[in-house]
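Down below is the structure, laid out as structure tokens.
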Amino acid sequence: MSTSASLLSFLLVAVSFALHNQNASAQSRPSQSAAPNSEQQGSGPELAGGNWGRGRRIFHSGAAGCFRCHTARGVGVSLGPDLSALAGRDYTSVLQDVKKPSAEVRPEFTLYEVELDDGSKRSGVLRTVDGRLFLGDSTGALQPLAKDRIREKKSLARSVMPEGLLDPLSEVEVRDLMTFLLTPPPSMPIAGKVAAPPMRSMKEVSDALAGSLPLPKELRPLRIVLVAGKKDHGPGEHDYPAWQVQWGSLLTAAEESTIETAWDFPSEEQLQTADVLIFFQKGDWNDDRASKMDAYFERGGGAIYLHWAVNGGDRAAPFAERIGMASKAGAIRYRHGPLRLELANTDHPILRNLDELDLLDESYWTLAGDPAQITLLASSPEEGKLWPQIWCYERAKGRVFVAIPGHYNWTFDDPLFRVVLLRGIAWSCREPIDRFNELVLPGARVK
């Protein structure tokens, strides 16, 4: 096996182990309540106001450089300790480990000085992969070492991790980084009498993401607004406030993305500056909102409508002119339970690699609007007929993506639903369809 293949094998084992730990932790933690427009809260006063998504970006940034040597949440390099298991440890001890990395060093991470047969000296952490010896330095680089060239090696009794790594960071950035390290990834609270569906397998997720293209080196900055409203159903259902908090933190992890929140409807400034508006609330429609959204679509803005956000009340028909199809409360039919969605237009990039999509959620039918005007992506058989459940629509220069599923909290943590929704977000703002792939797994229900 080549050196590159050996290293890849070595890293994949670590990544798989970290992903397993990440999801086991996420699924076992108790439910959390969430307040509208608030930051995700940490587990102690030191983390109050910390944001997991921002912390993840700091972890992978050049400023902190953690990713060069450490794996966390399934991503990184396994030269140093896997940090996925830090969730649950106390803030003070972890912060001390970061500030004083040599205070206590496990033997396998001890720094060695190696003298070669030509008299040159190198220092780093020793690793053996497939019988070959490597030296890993503080930049995370692994260099092969021929054993017969080693004249002497000695332990330096300290960590390869240098001190002062937090110095370039602000107090807020340190708090966000610690929030990422010490708290589980964002996920929706599961509650209520209905049992959650089985978790997806990693193979299902990998198959769906196969063929993903590399992203451009420079991404277009995006402004994404999450529009929520007052919770209007029982535990684990229509939890718009929790979604705004958890998905606000999740989307913040995406590079070059600024996440804002709104209650009931975007502000005037957000309508003028947002690239994507994501609505998850009990929908409401009137002439004022119609005028504002028409102007938004005319300038090329993207919009996402999830579940009950398609409600237009007595104005369902004009609402449908903007989003393809819309509901009138009391005039539609619905069903809670297993949904075996039949996919259409599978050549659409949002449905790449997907042949079917089964969910435990709610379907709507007899909506207002003309199905011939939408790009149908998924429908559900109800009362002997197929009814649209997921679709795309273009209004003026804008793009709209609609998903009726979303009644139960767990649907937002279903990785295949995430694939579809995250691709819908990317499509709506004319970005590469794989732009948000890195957000499919954190906190997702994967076994």
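For the stretch 130-140, the set of residues classified as at pLDDT below 85, in contact with a helix residue (DSSP H, G or I) (Cβ under 8 Å, 6 or more places away or on another chain), surrounded by fewer than 18 Cβ atoms within 10 Å (Cβ to Cβ) and not hydroxyl-bearing (Ser, Thr, Tyr) consists of Asp130 only.
In the stretch 373-400, the qualifying residues are those that are of a type in the set (Gly, Ala, Ser) and outside any strand (DSSP E or B), and the one that is surrounded by the fewest Cβ atoms within 10 Å (Cβ to Cβ) is Gly384.
Yes or no: the stretch 130-153 includes at least one residue that is in a helix (DSSP H, G or I), on the phi < 0 side of the Ramachandran plot, under 24 Å from the mean Cα position of the chain (by Cα) and basic (Lys, Arg). No, because not a single residue in the stretch 130-153 is in a helix (DSSP H, G or I), on the phi < 0 side of the Ramachandran plot, under 24 Å from the mean Cα position of the chain (by Cα) and basic (Lys, Arg).
Which ones in the stretch 382-398 are farther than 11 Å from Ile323 by Cβ and either among the aromatic types (Phe, Trp, Tyr) or under 24 Å from the mean Cα position of the chain (by Cα) (or both)?
Residues satisfying the conditions are Trp387, Gln389, Ile390.
Go through the stretch 154-184 and report how many residues are of a type outside the set (Asp, Glu) and assigned to a helix (DSSP H, G or I). Spell out the reasoning first.
First, pick out the residues of the stretch 154-184 that are of a type outside the set (Asp, Glu): 154-162, 164-166, 168-170, 172, 174-175, 177-184.
Those left that are additionally assigned to a helix (DSSP H, G or I): 172, 174-175, 177-182.
Residues meeting the conditions: 9.
Selection of the stretch 211-237 for residues being touching an Asp or Glu at 6+ places or on another chain (Cβ under 6 Å), of a type outside the set (A, V, I, L, M) and not in a loop (DSSP other than H, G, I, E, B) yields only Arg223. Of the conditions (1) farther than 24 Å from Asp414 by Cβ; (2) touching a helix residue (DSSP H, G or I) at 6+ places or on another chain (Cβ under 6 Å); (3) part of a helix (DSSP H, G or I), Ala208 satisfies every one except a single condition; which number is it? So the condition that Ala208 fails would be (1). Within the stretch 342-370, being in a strand (DSSP E or B) and in contact (Cβ under 8 Å) with a residue 60 or more places away in the chain holds for Leu357, Leu359, Leu360.
Results for (1) polar (S, T, N, Q); (2) modelled with pLDDT of 80 or more; (3) in the same structural domain as Thr261 (by TED's automatic domain parsing), shown as yes or no for each residue.
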{"position": "Gln22", "(1), (2), (3)": "yes, no, no"}
{"position": "Ser25", "(1), (2), (3)": "yes, no, no"}
{"position": "Gln40", "(1), (2), (3)": "yes, no, no"}
{"position": "Pro45", "(1), (2), (3)": "no, yes, no"}
{"position": "Gly49", "(1), (2), (3)": "no, yes, no"}
{"position": "Cys69", "(1), (2), (3)": "no, no, no"}
{"position": "Ala72", "(1), (2), (3)": "no, no, no"}
{"position": "Val94", "(1), (2), (3)": "no, yes, no"}
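Criterion applied to Pro107, Pro144 was being touching a Lys or Arg at 6+ places or on another chain (Cβ under 7 Å), more than 21 Å from Leu177 (Cα to Cα) and exposed (fewer than 13 other Cβ atoms within 10 Å of the Cβ), and the one residue passing it is Pro144.
The C-beta contact set for the stretch 253-282 (first residue closer than 21 Å to Ala326 by Cβ, second residue part of a loop (DSSP other than H, G, I, E, B) and among the charged types (D, E, K, R), distance under 6 angstrom, 6+ apart or interchain) comprises Lys282/Asp232.
For the stretch 283-308, how many residues meet the condition of being under 18 Å from Pro241 (Cα atoms) and free of Cβ contacts under 8 Å to residues at least 60 places away in the same chain?
Taking the stretch 283-308 first, the residues under 18 Å from Pro241 (Cα atoms) are 283-284, 304-308.
From what is left, the residues that are free of Cβ contacts under 8 Å to residues at least 60 places away in the same chain are 283-284.
Final tally of qualifying residues: 2.
In the stretch 255-270, of all residues being within 29 Å of Lys217 (Cβ to Cβ) and in contact with a strand residue (DSSP E or B) (Cβ under 8 Å, 6 or more places away or on another chain), the one that is surrounded by the fewest Cβ atoms within 10 Å (Cβ to Cβ) corresponds to Glu256. Summed over the stretch 262-293, the residues that are small (Gly, Ala, Ser) and under 24 Å from the mean Cα position of the chain (by Cα) give a count of 2. Kindly indicate whether Ser249 is outside any loop (DSSP other than H, G, I, E, B), free of Cβ contacts under 8 Å to residues at least 60 places away in the same chain, assigned by TED's automatic domain parsing to the domain that holds Pro371 and hydroxyl-bearing (Ser, Thr, Tyr). When the stated conditions are applied, Ser249 does not pass them.
Return the only residue of Glu173, Glu152, Glu204 being of a type in the set (Asp, Glu), in contact (Cβ under 8 Å) with a residue 12 or more places away in the chain and under 25 Å from Gly65 (Cα atoms).
Numbers: Glu152 fails: under 25 Å from Gly65 (Cα atoms); Glu204 fails: under 25 Å from Gly65 (Cα atoms).
Testing whether each residue is of a type in the set (Asp, Glu), in contact (Cβ under 8 Å) with a residue 12 or more places away in the chain and under 25 Å from Gly65 (Cα atoms) leaves just Glu173.
The number of residues in the stretch 312-338 that are surrounded by fewer than 22 Cβ atoms within 10 Å (Cβ to Cβ) and either part of a strand (DSSP E or B) or not assigned by TED's automatic domain parsing to the domain that holds Asn409 (or both) comes to 6.
The values are calculated or read from the model by the stated rules, or taken from the named source; none is laboratory data. The model shown is predicted, which means the values in this text are computed figures rather than measured ones. Cβ coordinates were reconstructed from backbone atoms using ideal geometry, including for glycine residues, and neighbour counts include every protein chain displayed.
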